[in-house]
1. Among residues belonging to segment 152-171 that are part of a strand (DSSP E or B) and touching a residue at least 40 places away in the same chain (Cβ under 8 Å), point out the one that is farthest from the chain's Cα centre (by Cα).
2. Identify, please: which residue in segment 1-29 is modelled with pLDDT under 90 and among the hydroxyl-bearing types (Ser, Thr, Tyr) and is, among those, farthest from the chain's Cα centre (by Cα)?
3. Residue 161 fails exactly one of the following numbered conditions: (1) surrounded by 12 or more Cβ atoms within 10 Å (Cβ to Cβ); (2) at pLDDT below 95; (3) of a type outside the set (D, E, K, R). What is the number of that condition?
4. Take the residues in segment 172-199 that are assigned to a strand (DSSP E or B) and among the aromatic types (Phe, Trp, Tyr); name whichever of them is nearest to residue 47 (Cα to Cα).
5. Name the residues in segment 60-108 that are loosely packed, with under 14 Cβ neighbours inside 10 Å, polar (S, T, N, Q) and not in a loop (DSSP other than H, G, I, E, B), would you?
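The values are calculated or read from the model by the stated rules, or taken from the named source; none is laboratory data. Since we're looking at a predicted model, the values are computed, not measured. Virtual Cβ from ideal backbone geometry, glycine too; neighbours counted across all protein chains shown.
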Amino acid sequence: MKSLLFPAIAGMLTAMSGAALADTAVSAVTDLNVRAGPGPQYPVIGVLAAGQSATLNGCIENSKWCTIAEAGGQGWVYSDYVTADFGGSRVVLTQRRSAVAVVSPPDDIGNYSTDYTGAIISSDPVVGDFPAPPAAVRTYVDTHRLDPVYLDGEVVTGATLPDTVELREIPDYNYRYVYVNGQRALIDPQTRRIMYVVR
């Protein structure tokens with residue numbers, strides 16, 4: 001997995017308010033999409049690899065979307081999969097929202113729908129590396145595109161999709177696939193867990 005490298009996006013961050021935790025090191029608990037804005041409809045502009053650090057700028061009030069800076073660029077991540085040091089312990093940001101600085105959403109957030117058809121259920125990442133799918137599977141998923149489904153949350157290995165999301169078969173392969181939040185993902189049909197994100 002490549003390290004996080006994404007271009008700077010001018011005007012994305014706005015002034016922070018309060019004396020809460022900001023400009024502090026955070027790290028991803030799994031390979032995590034970095035998006036151009038605070039929501040799954042915004043394009044993916046990079047990946048914060050599992051264990052990789054970035055600088056937290058703050059989170060939107062009453063939201064799980066937080067903005068980070070790394071490698072000269074800025075982007076948005078979903079706080080269920082980001083940890084910070086709180087009193088000597090690594091804690092998921094979502095669990096300590098009151099200690100995180102508040103930032104304003106970007107001006108264009110109104111241009112993106114937040115009418116989700118359900119929510120991705122956050123969970124621990126899949127333990128161990130799932131082997132990359134065979135080339136034939138990647139080709140099949142690439143050539144048999146589906147309309148994306150937008151769910152509240154982020155596409156990461158280990159998360160679970162709701163029953164409302166239709167999974168599509170892949171010939172001669174144990175897993176199904178779906179386009180969720182603009183990402184292609186391979187799903188275990190028994191557990192509905194995301195096993196692999198096709199990047």
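1. 160
2. Going through the qualifying residues, I end up with 17.
3. Status for residue 161: all satisfied but (2).
4. Among them, the one singled out is 196.
5. 89, 95, 98
Residues are listed down the side, and each one gets a yes or a no for (1) of a type in the set (A, V, I, L, M); (2) in the same structural domain as residue 28 (by TED's automatic domain parsing); (3) out of contact with any Leu (no Cβ under 7 Å at 6 or more places or on another chain):
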| position | (1), (2), (3) |
| --- | --- |
| 152 | no, no, yes |
| 157 | no, no, yes |
| 164 | no, no, yes |
| 167 | yes, no, yes |
| 172 | no, no, yes |
| 176 | no, no, no |
| 181 | no, no, no |
| 187 | yes, no, no |
| 192 | no, no, no |
